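We did not get these values from a lab; they are worked out from the coordinates using the rules stated. Predicted model, so just to flag it, every value in this text is computed and none were measured. Don't worry about glycine lacking a Cβ; one is built from the backbone with ideal geometry, like all the others, and counts go over all protein chains shown.
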Amino acid sequence: MTRPIKIEVDLHSLKKNFFIAQKFAPHSRHFAVIKANAYGHGQMRVAKSLKEAGTHGFALLQLDDALLLRQANLKHQILLLEGLFNEKECLPAIQHEIDFVIHHEDQLKFLESFEVEYLKNDSLKNKQCCVFLKINTGMNRLGVLPNQVIDLVERIRKISYIKEIVLMTHFAFADEVEGVQAQMEVIDFIKNEYYHRFKTNPSLCLANSASLLRYPETHYDWVRPGIMLYGSSPFADKNAEQLGLRPVMTFSSEIISIQTIKAGERVGYGGTFQAETDMQVGIVACGYADGYPRHAPNGTPILVENVRTKLVGRVSMDMLCVDVTHIPNVHVGSQVVLWGKGLPIELVSDASKTISYELMCGITKRVKGYEYP
Ligand SMILES: *Cc1c(COP(=O)(O)O)cnc(C)c1O
């Protein structure tokens with residue numbers, strides 16, 4: 001008998017979500033963001049489905065993961081969102097025509113010094129990449145300063161294996177009331193400067209899911225949807241269903257034991273839950289070592305036999321407890337949905353004071369159906 005915990009990944013829903021992204025930004029090319037093992041869904045199966053759905057490209061973090069896509073014969077544009085981490089990555093990136101971000105002048109330096117080798121190396125002949133120059137427009141995480149852009153573009157243009165430069169930024173408040181306006185003002189300033197200097201408009205790549213859904217003025221040449229593809233809303237004030245998004249990951253398990261307890265008795269480590277009445281407690285084969293958040297409090301919603309009920313007591317490494325007092329036909333072996341179909345992941349992430357992204361990425365490899373890459 002295998003432990004009943006599993007994830008199921010609904011690739012049909014993934015494609016439907018991608019079509020929604022396309023409908024919102026029909027004139028842009030889409031980089032499907034598949035970093036972090038496609039937000040825990042399995043990089044390769046997600047990439048293959050999104051290829052079928054018609055994505056223009058893929059965005060992720062690690063060169064190794066990008067090379068796996070090439071090995072699977074995906075010829076799309078692939079963007080490394082944090083760029084190259086050292087000069088050793090230049091050769092394989094160019095060889096396989098993987099595009100990359102430049103967010104810091106140091107990355108440009110090793111690209112410039114690679115030029116000599118590029119020109120000498122016959123295997124690199126006709127191989128070219130695009131650079132996405134990342135600009136810090138106010139988030140103050142990655143990116144070059146707005147007033148460095150023109151100089152850096154001039155330097156990048158001199159590198160013979162770079163065929164195109166796209167200006168990129170990332171929004172800090174696209175999912176919040178503050179919105180994108182302040183950062184868009186910086187982009188407008190840069191666009192103007194760029195036009196003055198080069199007599200043409202720059203290509204731009206700005207929008208994540210929140211911005212794609214809410215701010216059409218940010219769409220431009222490329223968009224970078226991530227979370228929405230996996231069927232979760234980036235917003236607090238609009239849920240996935242309202243956006244037409246369907247959950248892709250369903251995380252489920254089973255009841256492996258049922259305890260009948262009396263009013264006043266407590267449940268789990270530290271006894272953080274105390275029964276007010278006599279009740280039945282179902283023990284579920286799912287714990288924080290599977291990726292369920294340990295800090296989920298009493299009352300976090302859980303689905304048992306398709307009935308919504310509540311987590312009771314502390315989540316332990318391999319188990320959690322759930323109130324099954326009022327669930328008809330509950331038995332050892334009853335189906336439990338932790339999140340996904342029938343239980344939006346946001347209900348669990350909100351209760352646990354985190355975001356759906358973290359829960360999706362947190363599924364561990366001992367869970368059946370987990371796949372990497
Ligand atoms: C993760 C990421 C995205 C996707 O963001 P979502 O909120 O998941 O749509 C887009 N751009 C960059 C640079 C990212 O790191």
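Flag: N147 does not match the condition of being of a type outside the set (D, E, K, R), outside any helix (DSSP H, G or I) and loosely packed, with under 15 Cβ neighbours inside 10 Å. Remark: pairs (first residue in the range 198-217, away from the ligand (no atom under 12 Å from the Cβ); second residue of a type in the set (S, T, Y); Cβ separation under 7 Å; 6+ apart in sequence or on different chains) = N201/Y195; P202/Y194; L204/Y220.
The range 50-141 holds strands (runs of 3 or more DSSP E) entirely within its bounds, and those carrying 1 or more residues that are under 15 Å from I34 (Cα atoms) and within 21 Å of the chain's Cα centre (by Cα) map to 57-60, 77-80, 99-102. Can you name the residue in the range 120-172 that is touching a residue at least 60 places away in the same chain (Cβ under 8 Å) and within 16 Å of the ligand (Cβ to nearest atom) and, of all such residues, is nearest to A207 (Cα to Cα)? Ranking the qualifying residues of the range 120-172, first place goes to M168.
Hey, could you check the range 219-254 for residues that are β-branched (V, I, T) and surrounded by fewer than 24 Cβ atoms within 10 Å (Cβ to Cβ) and say which is farthest from the ligand (Cβ to nearest atom)? Selected residue: T250.
Here N17 meets the list (1) in a helix (DSSP H, G or I); (2) touching a Lys or Arg at 6+ places or on another chain (Cβ under 7 Å); (3) away from the ligand (no atom under 13 Å from the Cβ) almost entirely, failing just condition (3).
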